[in-house]
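The values are calculated or read from the model by the stated rules, or taken from the named source; none is laboratory data. Keep in mind that this is a model prediction, so the values were computed, not measured. Using ideal geometry, Cβ is built from the backbone for each residue, glycine included, and neighbour counts are taken over all protein chains shown.
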Amino acid sequence: MQLTVRDVAGLLNVSEKTVYRWIDDRKLPGYRMSGQYRFNRAELLEWATANRINVSPRIFEEPVSGYAPLPELSDALAIGGIFYRLTGKNKPTVLRNIVEVLRLPDKVDREFLLQVLLAREALESTAIGDGIAIPHVRNPIVLHVPQPSVTLCFLEAPVDFGALDGRPVHALFTLISPTVKAHLHLLSRLAYALRDADFKSLIVRQANRDEILDAAKRISGSLRAAAAGSGKEAMP
C-alpha cells in the first residue's frame, strides 16, 4: 500500500506541512502520482533511520500480502550469493564494496543504502564476534525487492569493525527483505545457523560456495522437519 502525506505525517509524528518541507529540504523519498505525493513504507523507514527521526510503531504494521511462505536461509543465500576476496582497508570502503555487489534491482539507490548502513555502524558496530558481522540498520533493511536475499562476503584481509571480542571481521552477512517480517525471520534463521558448529566452522575457514550452501540446506531441512513434527513453525 502506498502512503499519503497524511499517513507519513502520522507515522513520523509531524505535521503535513513538515512532510512537504522535508521532501524539498531533506530529500524525503516520495513519488508524484496524479498531482499528489505517495510514499513507499520501506523507503520511508530507511530514510527515517538514516536521518535519526523517531517513527511510530505503526510503521511496522504491514498489510497482509500475497507474499506468503517465509524464506529459508538456504534459498535466500542462494539468491544473494557468496563473494570472496572483497577488498577494503576500513569499514566504509568494505561496506561500499559490499553494496556494489548486492544483487539489487536497478531502481534501488545504492548510495543511499550505503549511507544508511554507515549511519547504523556509527551508532553501534554490527560485528557479532568471531570475525563475523551482519551489516544492517537500526530498523531492518527493507527495500522494494521481489524476494528476500542474504549475501555473504568474505574479505581479502580482515578489517576492524569494533567488535566486542576485539577480533577483526572477515565475513559479513547482509540481509535485504521486502518486509520486516521476512527480515526478522531470516535474521533468526541466520542466528540459529551460526550456533551450528559445522556451519560456523565453514564460515570461519571461508569454505567454498557448495559446502556453505549444502550446510545451509541441511539446517533449513532440520528446521522444516522440526516444524512438521511439532505441527507449527520451529523457532530457533
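The residues of segment 33-48 that are assigned to a strand (DSSP E or B) and either aliphatic (A, V, I, L, M) or out of contact with any strand residue (DSSP E or B) (no Cβ under 8 Å at 6 or more places or on another chain) (or both), listed by number, are Met33, Gln36. The residue that is surrounded by the fewest Cβ atoms within 10 Å (Cβ to Cβ), among those in segment 86-108 that are within 17 Å of Ile176 (Cβ to Cβ) and basic (Lys, Arg), is Lys107.
If the condition is being of a type outside the set (A, V, I, L, M, F, W, C) and surrounded by fewer than 17 Cβ atoms within 10 Å (Cβ to Cβ), then segment 3-17 contributes Thr4, Arg6, Gly10, Asn13, Ser15, Glu16, Lys17.
The conditions are (1) in contact (Cβ under 8 Å) with a residue 12 or more places away in the chain; (2) surrounded by fewer than 16 Cβ atoms within 10 Å (Cβ to Cβ); (3) farther than 17 Å from Arg58 by Cα; (4) more than 24 Å from the chain's Cα centre (by Cα), and Tyr37 fails exactly one of them. Which is it? Single failed check for Tyr37: (2). Taking the stated definitions as given, is Phe173 crowded, with 19+ Cβ neighbours inside 10 Å, of a type in the set (A, V, I, L, M, F, W, C) and out of contact with any Leu (no Cβ under 7 Å at 6 or more places or on another chain)? When the stated conditions are applied, Phe173 does not pass them. May I ask you to verify whether Arg209 is within 16 Å of Ser125 (Cβ to Cβ), surrounded by fewer than 19 Cβ atoms within 10 Å (Cβ to Cβ), touching a strand residue (DSSP E or B) at 6+ places or on another chain (Cβ under 9 Å) and of a type in the set (D, E, K, R)? Criteria not met by Arg209.
Only one of the listed residues (Arg58, Arg120, Arg96, Arg103) is modelled with pLDDT under 85 and in contact with a Gly (Cβ under 8 Å, 6 or more places away or on another chain). That residue is Arg58. Kindly list the number of the only condition in (1) modelled with pLDDT under 95; (2) of a type in the set (A, V, I, L, M); (3) in a helix (DSSP H, G or I); (4) crowded, with 19+ Cβ neighbours inside 10 Å that fails for Ala228. Against the list (1) modelled with pLDDT under 95; (2) of a type in the set (A, V, I, L, M); (3) in a helix (DSSP H, G or I); (4) crowded, with 19+ Cβ neighbours inside 10 Å, Ala228 comes up short only on (4). For the residues Ala197, Ala182, Ala133, Ala191, the requirement of being farther than 19 Å from Ile98 by Cα, crowded, with 21+ Cβ neighbours inside 10 Å and among the small types (Gly, Ala, Ser) singles out Ala182.
Scanning segment 10-28 for residues that are at pLDDT 85 or above and either among the aliphatic types (A, V, I, L, M) or in a loop (DSSP other than H, G, I, E, B) (or both) yields Leu11, Leu12, Asn13, Val14, Ser15, Val19, Ile23, Leu28.
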